[in-house]
Structures are given as C-alpha cells and as structure tokens.
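These notes are about the structure you will find just below.
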Amino acid sequence: STMRERKTTDPPQSSTDLSEEKEKLRLKREVGLISGVSLIAGTMIGSGIFMSPEWVLHHMGNPASSLLIWAACGLLAVFGALSYAELGTIIKESGGEYIYILRIFGSFPAFLFAYTSVILVRPAGLAAVCLSFAEYAVAPFYPGCSSPQVVVKCTAAACILLLTIINCLNVRLATSVMNIFTAAKLLALLVIVVGGLVLLAKGQTQSFQNGFQGTTAGIGAVGVAFYQGLWSYDGWNNLNYVTEELKKPEVTLPRAVMIAIPLVTCLYLLVNVSYLAAMTPSELLSSGAVAVTWGDKVLGSWAWLISVSVALSTFGSSNGTFFSGGRVCYIAAREGHMPEILSMAHVRCLTPSPALLFTSAMSLIMIISGSFTSIVNFFSFMAWFFYGMTISGLLYLKIKKPELPRSYKVPIIIPIIVLMAAVYLVLAPVIDQPQIEILYVVLFIFSGIILYFPLVHFKCHPRFLQRVTVHLQLFLEVAPTTRNVN
C-alpha cells in the first residue's frame, strides 16, 4: 500500500508516539447531515431533469408510463443508496464502489473499477455537466442563434478551473458552495412545480387523458428509458465516496440518504407533471430544452430565470461530481492502484489536491477533444455493471459474514431487487439493441489488465518515477496521509 503509517517501538503512551500521532495527516471530518443531504441532492439535480424528460417520453411512448419510469428510477436509487449505507457502516472508508470491491473481491477487480472511473467515467461525466453549464451560461449573449463552440468550451474549462480552486482550498468552502447551489436549484424546481400546479388548477390536463395509450413494450426500449431517467438520479451514491470525512458516518449516511433521495424523487415527478401540464407530449418531444420551452410558455418575459436556474443547477452538480470524483482517485492511489503522488494531501489545506488536479486535467482534455459524447451515452452501462458487482458483495457479506459489526442493516430483499435491476440494465439494451460502442466500453475496461500486472501485481516501478514524485511533492506542498477511520 502507498499509504505510509509511521511505526514506533516506544510504549503506547510515550511522548515520541504522541508527537508522531500529531504528525499524521488526515482529511478532516467536516461533512455533517445538511452538507451530506446537499452533496447527494445537489449532485443528483444537475442538467438531467431539465433535459432527460423528452427522451424518457420518447422511449416509453406516453406520459403515464414515462412518469412510472421516473418513479421507478427514484425507488431504485433509494434501494441502492440504502444498500450502500449498510456497506458504509461495515467498511468505514472513503472510496465508494472502489473500496467495497477491493475489500470484498480483491485487488484486480478494484483496479479495473478505479482505472475505468478515474481515467474515463468521472472526468467524462464532469466534462459533460460543465459543457451543459456553459451552454446555458453563454446562451443569453447569443440570442436567436447557437453559441460558438469555442466560447462554450472555454466557459466549460473556466468552470472546471474554478471548481478545482474551490475544492483544493478548503473542504468547508466546497461544501458551502454545495449548500448554496442546492438551495438555489431546489427553489428553481419549486417555481416549476408551483407553475404546473397552477396550470392543473386551471384545467390543463389534456396530456394525461388516455395516458397509457401507445406504451412501448420492448425490454430494450424500457432499459434505455431507465438509462435516461437514472442519468438524472446519478449521484445517489456520492456520500459513500467521502465516508472518512463524515461526522458520525454510521448516523449521517443513512439519514442523509432517506432525506435527499425521496425529496429529489418527489420533485422530479412534480416537475414532469408540470412540463406535461404546460406542453402536449408532441411539443415536449420536439423541444430541444424542455425547461426553457416551459419557461417561454409559463413565465413569459421572466423565462430567462429558467436559463439562469439551469446554469446554477449544473454548476452545483459539477461541484458535487468533482468533490466525490477526486476522492476515488485519492483512495485508489492510497491503496497502490494509482501513482503515489495522488494519495497525498495538502499540508495546510488538508485537501487531496493532487487527485483533484489530476481529475481536473483529465476533464479539460475531454472538453478540448470533444470526443467524450459517446462515452457519456454509455455511462449507465458501465456504472450499473459496477453497481451490480458492489451489491453482490453486500449480499455475500450478509449471507457469509453476518457477524460483522454494523450499526445499520437493510432488509436482504432490497439489495436483491437492486442486483436484479442492475443485471437487467446491463443486459437488456445489449440483447435487444446491440451496439458496437458497448464492445468498445468493455474492451476499455479490460484494457486495464495490461497495466495491472506489471505496475500493481509485480510492482515494476521505474526509478525515475520516485524522483518525479519527490519533486511534485515539494512543488505541490503535499504529504502522505493515513486513513481517517474510527
């Protein structure tokens, strides 16, 4: 392991031992219940609810069945998060799926997850959300025409650099930004909900008449509709990435999950009802940006508020994605699956700044190249493959090791349902509508084998890397850290 723990032969209460205990560098426990709720809800509510409804409706064929998909996605997110909450009380370490796969299944599958997540999935997701932010942020400056791609990409890059500065400076500053932007986006969604309720009170219910007529029955179409809905719920597992930074994780983790995800689910359902009250299904399907069309129809001259709200929402979501994504890189490096420098923390700010800088650099490359779109489209395929593996690990612990101490237990039927859903979501689109891009994704995952055996298993590290690590350590003012586990 790359995590360096100082050892001493002195007695437990010696002054040498006490001074060395003070020298150990840890990330602070600064994420409380409110910040935990904000991290989950703030990351979940991004660009998805403003963009995905038309695609869920497109694949399901009618309003009523699309609302059922949104409700089912919310229920699946709750079940998944509750299962993860039990894992978080058994394995009290940060890193989410990575650390659970590592502790249950071993080094090789954990490395494949870290390799895929750190190099591809997290940076691609962050780049996509930041580009969504940029599109809405610059749109008011180019009325009546599409924004130049150079301006959009520069704005997205500026967004990533700003997030890097915020998250490297202070954990409390990053969580404060999350809290503020979460409050702002909840207010924006409430405006849409209230507007929809007013329209319903005026009798605009024609979209809900014969609601189930023309429902799509194909398993592949339903699976793709789930992918679109679940993209909007992505982030339900974010708190497990920062377990070591939670105050009283055994209490905060389950409570934050039970507050945040049902709240987001109810809001999503009401927002979809509001969209359908303001627009006919055909209008909704032809809309490039559902929320903006809703604003034009309902708010009139105040429609610009929606563009501002979406920009705020996507910025807050990208902050949450960046906050948790950097932790995966940091924990993987601490366990020896990434370069050692990425496992270090800033000596004064106590933030994993090298990991955050690496995530930022990968995201900037994807923004500049602009070739990440197809990767993001298959994000759900990769995500649910590893979610399924993690949940199967929980089932293994519940059946084979029930004696392990845990402050919270989820009924076994819940992880079984999540595992069945994960298998369906991975296999259904592949069986019903096989696409060559999925093969590329699978090949990328297993290309990690080429790196794992020489670099991790046999530890063939070129000597010059050690010198590079020392120079970077001095330049970035970082030092090795210890686990922050009770």
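The values are calculated or read from the model by the stated rules, or taken from the named source; none is laboratory data. Bear in mind the structure is a predicted one, so any value in this text is a computation, not a measurement. Backbone-built Cβ (ideal geometry, glycine too); neighbour counts: all protein chains shown. In case anyone asks, the SASA skips ligands and DNA or RNA and just uses the protein heavy atoms, side chains included. Shrake-Rupley method; radii C 1.70, N 1.55, O 1.52, S 1.80 Å.
The rows are residues; the columns are (1) modelled with pLDDT of 80 or more; (2) of a type outside the set (A, V, I, L, M); (3) crowded, with 24+ Cβ neighbours inside 10 Å; (4) outside any helix (DSSP H, G or I).
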| residue | (1), (2), (3), (4) |
| --- | --- |
| Leu284 | yes, no, no, no |
| Trp294 | yes, yes, yes, no |
| Ser307 | no, yes, no, no |
| Ser318 | yes, yes, yes, no |
Verdict on Phe141 being touching a Cys at 6+ places or on another chain (Cβ under 6 Å) and open to solvent by 20 Å² or more (accessible area, probe 1.4 Å): no
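Take the stretch 320-355 and flag every residue that is assigned to a helix (DSSP H, G or I) and over 15 Å from the mean Cα position of the chain (by Cα). Give the steps one after another, and end with the answer.
So the first thing to find is which residues in the stretch 320-355 are assigned to a helix (DSSP H, G or I), and the list is 320-334, 340-343, 353-355.
Tyr330, Ile331, Ala332, Ala333, Arg334, Glu340, Ile341, Leu342, Ser343, Ser353, Pro354, Ala355 - these are the residues of the stretch 320-355 that are assigned to a helix (DSSP H, G or I) and over 15 Å from the mean Cα position of the chain (by Cα).
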Among residues of the stretch 378-407 being polar (S, T, N, Q) and assigned to a helix (DSSP H, G or I), the residue farthest from Gly229 (Cα to Cα) is Ser392
Of the conditions (1) modelled with pLDDT of 90 or more; (2) touching a Lys or Arg at 6+ places or on another chain (Cβ under 7 Å), Glu245 fails just one. Which one is it? (1)
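Does Glu340 satisfy being out of contact with any Leu (no Cβ under 9 Å at 6 or more places or on another chain) and of a type in the set (Asp, Glu)?
On the way: out of contact with any Leu (no Cβ under 9 Å at 6 or more places or on another chain): no; of a type in the set (Asp, Glu): yes.
For Glu340, the condition - out of contact with any Leu (no Cβ under 9 Å at 6 or more places or on another chain) and of a type in the set (Asp, Glu) - is not met.
With respect to Ala278, is the statement that it is touching a His at 6+ places or on another chain (Cβ under 6 Å) and farther than 25 Å from Asn167 by Cα true? Full working, then the answer.
On the way: touching a His at 6+ places or on another chain (Cβ under 6 Å): no; farther than 25 Å from Asn167 by Cα: yes.
No; evaluated as a whole, the condition is false for this residue.
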Look at the stretch 461-486 and say how many of its residues are of a type in the set (A, V, I, L, M), within 24 Å of Ser94 (Cβ to Cβ) and not in a loop (DSSP other than H, G, I, E, B). 4
If we keep only residues of the stretch 157-176 that are modelled with pLDDT under 90 and open to solvent by less than 20 Å² (accessible area, probe 1.4 Å), then the residue farthest from Thr321 (Cα to Cα) is Val171
Say whether the condition of being over 26 Å from Gly125 (Cα atoms), touching a residue at least 24 places away in the same chain (Cβ under 8 Å), buried (at least 16 other Cβ atoms within 10 Å of the Cβ) and of a type in the set (Asp, Glu) is met by at least one residue in the stretch 234-251. yes
What is the number of the single condition among (1) open to solvent by less than 10 Å² (accessible area, probe 1.4 Å); (2) without any contact (Cβ under 8 Å) to a residue 40 or more places away in the chain that Pro123 does not meet? (2)
If a residue must be surrounded by fewer than 24 Cβ atoms within 10 Å (Cβ to Cβ) and either at pLDDT 90 or above or small (Gly, Ala, Ser) (or both), how many such residues does the stretch 53-68 contain? 5
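Determine which member of the set Ser274, Ser232 is modelled with pLDDT of 90 or more and in a helix (DSSP H, G or I).
Details: Ser232 fails: modelled with pLDDT of 90 or more.
Step by step, each of Ser274, Ser232 is checked, and only Ser274 is modelled with pLDDT of 90 or more and in a helix (DSSP H, G or I).
Which one of Gly42, Gly46, Gly95 is out of contact with any Asp or Glu (no Cβ under 6 Å at 6 or more places or on another chain) and either of a type in the set (A, V, I, L, M) or assigned to a helix (DSSP H, G or I) (or both)?
Working: Gly46 fails: either of a type in the set (A, V, I, L, M) or assigned to a helix (DSSP H, G or I) (or both); Gly95 fails: either of a type in the set (A, V, I, L, M) or assigned to a helix (DSSP H, G or I) (or both).
Among Gly42, Gly46, Gly95, only Gly42 is out of contact with any Asp or Glu (no Cβ under 6 Å at 6 or more places or on another chain) and either of a type in the set (A, V, I, L, M) or assigned to a helix (DSSP H, G or I) (or both).
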